[in-house]
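Take a look at the structure below.
The values are calculated or read from the model by the stated rules, or taken from the named source; none is laboratory data. Because the structure is predicted, anything quoted here is derived from the model rather than measured. A quick note on method: Cβ atoms are made from the backbone with ideal geometry, for glycine too, and the neighbour counts reach across all protein chains shown.
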Amino acid sequence: MPQQFGNRCWYTSASSSVLGGSSVTSDAKYARGVPQDYAGWPRDWAHDRLLPYFKVSEDNGDYDMWKDTRYHSRGGELHVQRFKYIDKYMESVIEAFEEVGFVQKDINAGDAFDAVVHHQFAILNNTRLSANTAFLKPVRHMKNLQIITGATVTKILVDKTTKAVDGVLYERGKSKEQAAYVKREVVLAAGAINNAKLLLLSGIGPRAEVSRHNITLLQDSPVGLNYRDQVSFGGLSFMLEDVTSFNESQLVADFEQWFESRTGLLASRGIGQISSFVKSREDHDGPDIEYVLDGNFVRTNRFVMSKINVAATEEQNLPLPYYNIINVKPVLLKPKSKGRVTLNKQNPKYGRPTIQPNFLKENKDLQYLVDSVELVLQLLNTESFKKTGIKLAPIDHFPCEKANDREKWSCMARHYTTAMGTPVGTCRMGTNATEAVVDPTLKVYGVEGLRVVDASVMPAHVSAGIFAVSVMIAEKGAKMLIDDWKQIKDYYVYSS
Ligand SMILES: Cc1cc2nc3c(=O)[nH]c(=O)nc-3n(C[C@H](O)[C@H](O)[C@H](O)COP(=O)(O)OP(=O)(O)OC[C@H]3O[C@@H](n4cnc5c(N)ncnc54)[C@H](O)[C@@H]3O)c2cc1C
């Protein structure tokens, strides 16, 4: 979480966490959504205007992509590329989707309708690039940057009279709370859940919620109220016929090859490299379902459901490229259901904030998920699946097995609901302070010197994950911040 301090930039990262946040553990898939997704965003955030901010950090490594210079570029900090390794099941899945009407296309070039995709990931030399390795590491030497790790920000300090931000309070290990004061502004980037917590603890949020914890209200604001996450469910899995045993010596050889040259089977994410996007309703303005795939290895044919994947008692975790099960997760990309994030009732400061997700509360969300199953089952009748021997895995769909088909999938969607880890909207951006927490320049309504720059400002999801969008928001946020301070010449000093 960076804060400006004089001409210096401080960056803190919470204890027991990592620099780079969820980009360190995410799937690293790079997808931006389609232009229509941004139609409801403030005018300055229309897709055409955002393209330069997507492109500025992009270093595209696939020729068939970067030759399209309207949408892609090279030379930015974030290298994106497809994994080179493709196995026969990936090919088979692509072919099967093609047989049922999907088309291979570049989903980051304005059109993702009925697309089957071999994804680009944030990787360099087949190795993950996190927000830390791509953006922070190259500038760590800068004299005006100080990184404090293991620090948890506990409050934003706001002058009660002027409503100007003075700085933040933070804790590091067992040491006492310390203050970091700012001359210019604080940039909050603690993610959709913790931004809400910090703003609420600082007196910025819905009147009732702030008062409930005896915190002085500084700004009545809809903080935490527009929480949304993409959802999916488990139970739809395919079994690969010809993979029954696992060759341990092959695994050792694969690791050796990986360490020597970053190539081979381990230079891959397995079947997760492929997914497809569908617009399930004529009147929708973008793809609304993504069929996300992931593989795992199960050493038995007595399958049980474990969370959303198929598992078995003898199972061992193997790297992603080794799989004999393909789990298909239909992901509701643009959920209508909204939840809320509030402070922990017993311990607002140190307790985990409460998330009331309200997943599938809107009937349509459930309906679209259930409808999406039909297409997955169609894949089983494709020549491609028959040729490769991919079959439906005989899973015990407890407690939904007795219901008829549609009821069964509706039951599964409700029993095995899973959040995709893409929370947005708790500090939504908008043009009025009643509905939004930040204005279109990402400044928090009602206080001076506080910006929010991460996925929490997204008014709603785009038809993709949120990593590429978060990077774009950061690029645009940085530009707006620098432009603002450049206008006040004495304040702006650039040093490298
Ligand atoms: C398992 C998983 C897989 C995913 N895969 C993909 C994918 O393939 N593609 C995609 O587009 N998206 C994916 N996502 C989503 C995506 O990675 C992130 O959610 C997105 O990048 C959001 O970034 P953010 O900056 O808003 O928040 P975060 O990445 O959560 O960053 C918040 C940071 O703030 C720090 N912080 C929080 N509170 C404090 C505090 N009080 N003091 C100091 N620091 C604090 C945290 O430690 C963290 O470093 C995935 C998410 C998950 C969980």
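Tabulated values for the structure
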read-out: Restricting segment 25-45 to residues that are charged (D, E, K, R) and within 16 Å of the ligand (Cβ to nearest atom), the residue that is surrounded by the fewest Cβ atoms within 10 Å (Cβ to Cβ); value: Asp27
read-out: Residue that is surrounded by the most Cβ atoms within 10 Å (Cβ to Cβ) [pool: residues in segment 213-241 that are among the polar types (S, T, N, Q) and outside any strand (DSSP E or B)]; value: Ser221
read-out: Lone unmet requirement of (1) modelled with pLDDT of 95 or more; (2) over 27 Å from Arg49 (Cβ atoms) for Val186; value: (2)
read-out: Subset of segment 120-132 (residues that are more than 11 Å from the ligand (Cβ to nearest atom) and out of contact with any strand residue (DSSP E or B) (no Cβ under 8 Å at 6 or more places or on another chain)); value: Asn125, Asn126, Thr127
read-out: Evaluation of Arg184 against (1) within 24 Å of the chain's Cα centre (by Cα); (2) assigned by TED's automatic domain parsing to the domain that holds Ala478 (one fails), failing number; value: (1)
read-out: Counted residues, segment 157-168 - those being more than 10 Å from the ligand (Cβ to nearest atom) and either within 31 Å of the chain's Cα centre (by Cα) or free of Cβ contacts under 8 Å to residues at least 60 places away in the same chain (or both); value: 8
read-out: In segment 430-459, the residues that are within 13 Å of the ligand (Cβ to nearest atom) and either surrounded by fewer than 24 Cβ atoms within 10 Å (Cβ to Cβ) or among the aliphatic types (A, V, I, L, M) (or both); value: Leu442, Val452, Val453, Ala455, Val457, Met458
read-out: Residues located in segment 143-173, provided they are surrounded by 17 or more Cβ atoms within 10 Å (Cβ to Cβ) and more than 23 Å from Gly205 (Cα to Cα); value: Ala151
read-out: Of residues in segment 187-217 being under 31 Å from the mean Cα position of the chain (by Cα) and among the β-branched types (Val, Ile, Thr), the one nearest to the ligand (Cβ to nearest atom); value: Ile193
read-out: Condition check for Ala196: assigned to a helix (DSSP H, G or I), surrounded by 20 or more Cβ atoms within 10 Å (Cβ to Cβ) and at pLDDT 95 or above; value: yes
read-out: Sole residue being free of Cβ contacts under 8 Å to residues at least 24 places away in the same chain and within 16 Å of the ligand (Cβ to nearest atom), chosen from Lys137, Lys67; value: Lys137
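Yes or no, residue by residue, for (1) in a helix (DSSP H, G or I); (2) closer than 11 Å to Ser221 by Cβ; (3) at pLDDT 95 or above; (4) touching a strand residue (DSSP E or B) at 6+ places or on another chain (Cβ under 6 Å):
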{"residue": "Ala403", "(1), (2), (3), (4)": "no, no, no, no"}
{"residue": "Glu407", "(1), (2), (3), (4)": "yes, no, no, no"}
{"residue": "Thr422", "(1), (2), (3), (4)": "no, no, yes, no"}
{"residue": "Cys427", "(1), (2), (3), (4)": "no, yes, yes, yes"}
{"residue": "Thr434", "(1), (2), (3), (4)": "no, yes, yes, no"}
